[in-house]
Amino acid sequence: MKLPSQKYTFDNRLLVLEETFKSARQKVHDDARQELLELSEEEFSGSPHELGLLLKLKAQDAFRQGNYPKALELGLKATKILAGLALNVRYAQAVFTLAKVYWALGDLKNAEIRARDSLAAARRAEDNQGHSNALNMLAWVAYIRSDYLKSQEYLEEGLSVAKGDHRNISQL
């Protein structure tokens, strides 16, 4: 017997910001960033899934701003919350943000660990974009470590996952 999956409802402000941050335009990011800064953790403290999403968005924003210590702090808090929920796509995104932070800080070991965690969550959620992103990060880690064959394997797997999705392929 199949049991229904757990349903989560989110504050529309968080969902709008999440979609807005997917845009590549700087002006859109700047406007959304101001809205994000106005939202507080206390406002969502009674709702773990919304708090996890808020912290994920704030971690992504801090990374984009180059504030790696803040991105790391917020990302760790977000993943701790999201890990216990059935929100694999958002968890994968939060862990991938941590992988990027560790990468930027030169901590390849932790970047690889987080990229693998992100890969597993993206696979569970059947999220091809997240799957490809994690494989791309693993390819970069392998490349920096001069493991060119492993890097090539990750890239080829990423191309296979992204097959037919030109936007996804361009990011590999």
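The values are calculated or read from the model by the stated rules, or taken from the named source; none is laboratory data. Remember, predicted model here, so these are calculated numbers, not experimental data. For neighbour counting, all protein chains shown are included, and Cβ atoms are generated from backbone atoms with ideal geometry for every residue, glycine included. We work out accessible area using only protein heavy atoms, side chains counted, and drop any ligands, DNA or RNA first. Shrake-Rupley method; radii C 1.70, N 1.55, O 1.52, S 1.80 Å.
Residues that are open to solvent by 40 Å² or more (accessible area, probe 1.4 Å), among the charged types (D, E, K, R) and within 27 Å of D31 (Cβ to Cβ) occur at least once in region 75-97.
For region 33-67, which residues satisfy the criterion of being outside any loop (DSSP other than H, G, I, E, B), within 16 Å of K100 (Cβ to Cβ) and either among the basic types (K, R) or open to solvent by 70 Å² or more (accessible area, probe 1.4 Å) (or both)? Talk me through it step by step, then tell me what you get.
First, the residues of region 33-67 that are outside any loop (DSSP other than H, G, I, E, B): 33-38, 42-44, 48-64.
Remaining after also requiring within 16 Å of K100 (Cβ to Cβ): 55-64.
Passing the criteria: K56, K58, R64.
A count restricted to region 113-149 and to residues that are closer than 16 Å to W103 by Cβ, open to solvent by less than 80 Å² (accessible area, probe 1.4 Å) and among the charged types (D, E, K, R) stands at 3. Scanning region 48-84 for residues that are over 17 Å from V16 (Cβ atoms) and among the polar types (S, T, N, Q) gives Q65, N67, T79. If you go through region 94-109 and keep only what is of a type outside the set (A, V, I, L, M, F, W, C), more than 23 Å from P48 (Cβ to Cβ) and in a helix (DSSP H, G or I), you end up with K100, Y102, K109. Examine region 81-93 for a residue that is part of a helix (DSSP H, G or I) and more than 11 Å from the chain's Cα centre (by Cα), and state whether such a residue exists. Yes, because at least one residue in region 81-93 is part of a helix (DSSP H, G or I) and more than 11 Å from the chain's Cα centre (by Cα).
Does E112 fit the bill of being modelled with pLDDT under 95, among the charged types (D, E, K, R), part of a helix (DSSP H, G or I) and over 13 Å from the mean Cα position of the chain (by Cα)?
no
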